[in-house]
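Readers should treat all values here as calculations from the given coordinates under stated rules, not as data from a laboratory. Small disclaimer: the values here were computed from a predicted structure and weren't measured. Here the Cβ positions follow ideal geometry from the backbone for every residue, glycine too, while neighbour counts run over all protein chains shown.
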Amino acid sequence: MIAAMGTTRVELRPDVIATKELVLRGSMAYIDEFGEVLARIADGSVDPERFVTHTFPLRDIQAAFETQGDADAAVKVLVTP
């Protein structure tokens with residue numbers, strides 16, 4: 001899993017992807033807004049907790065992933081240790 005990445009080019013090896021039966025999935029992030037969002041959280045004008053729709057303990061990780069996969073049911077799913 002790549003949780004975050006920058007603009008550095010990386011090498012992908014199709015042979016390794018096929019051999020290990022990996023699945024690649026891309027996701028778009030808006031990096032230009034990150035600083036503004038952090039500033040608004042810091043000054044209290046945005047409450048990040050209101051976006052958390054579900055919280056699961058680590059032992060229920062499968063249910064957390066299933067819930068996050070349902071865009072109609074979840075906005076942000078947290079997994080706690």
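Restricting to the range 58-81, name every residue that is assigned to a helix (DSSP H, G or I), of a type in the set (S, T, N, Q) and under 20 Å from PRO48 (Cα atoms). Of everything in the range 58-81, those that are assigned to a helix (DSSP H, G or I), of a type in the set (S, T, N, Q) and under 20 Å from PRO48 (Cα atoms) turn out to be THR67, GLN68. Looking across the range 26-57, the residues that are over 16 Å from the mean Cα position of the chain (by Cα) and not in a helix (DSSP H, G or I) come down to GLY44, SER45, VAL46, ASP47, PRO57.
Out of all the residues in the range 42-60, is one or more in contact with an Asp or Glu (Cβ under 9 Å, 6 or more places away or on another chain) and aliphatic (A, V, I, L, M)?
Scanning the range 42-60, I find no residue that is in contact with an Asp or Glu (Cβ under 9 Å, 6 or more places away or on another chain) and aliphatic (A, V, I, L, M), so the answer is no.
Condition (residue is within 14 Å of the chain's Cα centre (by Cα) and not in a helix (DSSP H, G or I)) applied to the range 6-23: is it met by at least one residue?
No, that holds for no residue.
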